[in-house]
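None of the figures in this text is laboratory data; all of them are computed from the coordinates on show. Fair warning: this is a prediction, and the values are worked out from it, not measured in the lab. Methodologically, a virtual Cβ is constructed for each residue, glycine included, from the backbone with ideal geometry; neighbour enumeration extends over all protein chains shown.
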Amino acid sequence: MATLTVGVGKEFSTIKAAVAASHNGDVVQVQAGTYKNDFATISTSITLQAVGGRVNMVATIPPPNLKGMLTIGTTGSAPDVSITGFSFSGVHIKAGAGGNGAGIRYQSGNLTLSQDWFHGNQDGLLATPFVTDTGSITIDHSEFGFNGSGTGQTHNLYVGMIGSLSITNSYFHDAKVGHEIKSRAEVNTIENNRIFANNGTDSYSIDLPNGGRDIVSGNVIEKGLHSENNKMIAFLEAPGSGDPHVGSDQGHWGASSLMISGNTFVNDKASPNTIGLWNANTMPLMPTVADNSFWNISPASAISGPASMSGTNWLTSRPILSTAHPWS
């Protein structure tokens with residue numbers, strides 16, 4: 001294991017060069033600053049660490065691979081990659097080339113993000129796994145905001161059918177027409193986050209179209225005045241093929257479940273018929289909705305579709321919402 005250094009007067013002047021020289025187990029320490037158009041594909045199991053402040057990776061041109069600022073994994077690799085203290089912004093590609101430029105494009109392996117910031121990209125993070133039901137993405141104390149192209153096909157976070165997604169202690173907000181969080185992973189754990197539309201034009205706060213084994217717990221979820229629709233959590237709207245590997249949206253995961261507990265739902269849209277959970281009911285499944293709090297959402301519209309609901313607290317005053325960065 002080696003420590004590679006990046007920055008002015010360091011071993012490497014670019015992140016790309018350090019990544020290309022890395023081997024499994026290496027640590028790449030990057031001095032704080034702005035690294036413009038420093039695109040890289042990572043195929044080794046490495047740790048990227050910001051040193052002395054935030055590392056700002058900024059794109060002013062499309063990535064050469066038409067994927068992302070950083071691309072994780074190749075057809076011949078499934079690396080374990082950890083990234084701490086980085087910012088990703090400005091990644092865009094033309095519509096004719098897919099229109100899905102991402103701060104990070106995940107393709108394989110196990111990715112861990114901590115205290116990272118994704119803003120002003122077409123997609124904050126886009127995961128398109130080479131192999132269905134493999135790999136993992138873990139996100140903690142990170143922020144995704146103002147991502148999206150306005151087409152509704154790009155999102156703050158879009159995760160395809162990987163093995164598992166975990167999001168904790170993070171802040172998602174102000175997606176542009178797309179969803180704050182969209183995941184087709186087989187296992188989804190979304191706990192203790194803030195998921196706000198604010199003044200944005202987002203669609204769903206959380207979208208779990210293929211089901212999976214899902215926990216949504218301890219979050220504060222806000223629907224904004226300018227949100228594109230009135231649904232906060234959407235579940236199982238993908239076509240019900242009966243096989244998780246076929247169908248236009250790849251069908252449903254066979255052993256799906258959903259627990260929604262201890263969340264606070266805040267509706268700032270100019271209508272009390274905002275839906276906290278929309279269970280599209282495209283497979284026979286009864287989500288558990290327990291011990292949640294709702295503000296400015298009517299009991300008649302809080303849940304749409306089958307669900308078991310208990311312990312609900314109907315708030316009479318709007319909670320104060322923090323918009324602070326989630327990192328220390």
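Would you mind giving the average projected area, over all directions, of the Cα convex hull of the chain in nm² with one decimal?
For the chain, the mean projected area of the Cα convex hull comes to 15.9 nm².
Multiplying the sequence separation of Leu225 and Thr74 by 0.36 nm and subtracting their Cα-Cα distance, what value in nm do you get?
Between Leu225 and Thr74, full extension yields an extra 50.2 nm.
Using only Cα atoms, figure out Rg for region 1-138 and give it as a multiple of 2.2 N^0.38 Å.
Details: Rg = 13.8 Å, N = 138, 2.2 N^0.38 = 14.3 Å.
For region 1-138, the normalised Cα radius of gyration comes out at 0.97.
Taking Lys94 as the anchor, which lysines have their alpha carbon closer than 27 Å to its alpha carbon, excluding any fewer than eight residues away along the same chain?
Lys16, Lys36, Lys67, Lys176, Lys182
Between Val58 and Thr312, what length in nm is gained on full extension when 0.36 nm per residue of separation is reduced by their alpha carbon distance?
Gain on extension, Val58 to Thr312, equals 87.0 nm.
Set the Förster distance to 56 Å, then compute FRET efficiency between Ala32 and Met286 from the Cβ-Cβ distance, nearest 0.05.
Using R0 = 56 Å, I get an efficiency of 0.70.
Ranking request for peptides 74-82, 318-326, 26-34, 212-220: highest mean number of other beta-carbon atoms within 10 Å first, then the rest in descending order.
Result, highest mean Cβ count within 10 Å first: 212-220, 26-34, 74-82, 318-326.
Report the net charge of residues surrounding Asn100, where surrounding means a beta-carbon distance below 11 angstrom and charges are Lys +1, Arg +1, Asp -1, Glu -1.
Result for the local shell: +2.
Take every Cα pair under 8 Å in region 3-314 that's 6+ residues apart, average their separations, divide by the length, and report that relative contact order as a whole percent.
9
How much net charge surrounds Ala324 when only the other residues with a Cβ under 11 Å from the Cβ of Ala324 are counted, with Lys and Arg +1 and Asp and Glu -1?
Computed value for this residue: 0.
Any idea how far apart Leu321 and Lys10 come out in nm if each label point goes 7 Å out from Cα toward Cβ?
3.6
Compute the length gained on full extension between Asn192 and Ala17: take 0.36 nm times their separation in residues and subtract their Cα-Cα distance, giving the result in nm to one decimal.
59.3 nm
Net charge near Val19: determine it from the other residues with C-beta under 11 Å of the C-beta of Val19, scoring Lys and Arg +1 and Asp and Glu -1.
-1
Quick one: go through region 121-146 and flag any residue whose amide nitrogen is under 13 Å from the point 7 Å out along the Cα-to-Cβ line of Arg213.
Counting only backbone N, you get no residues.
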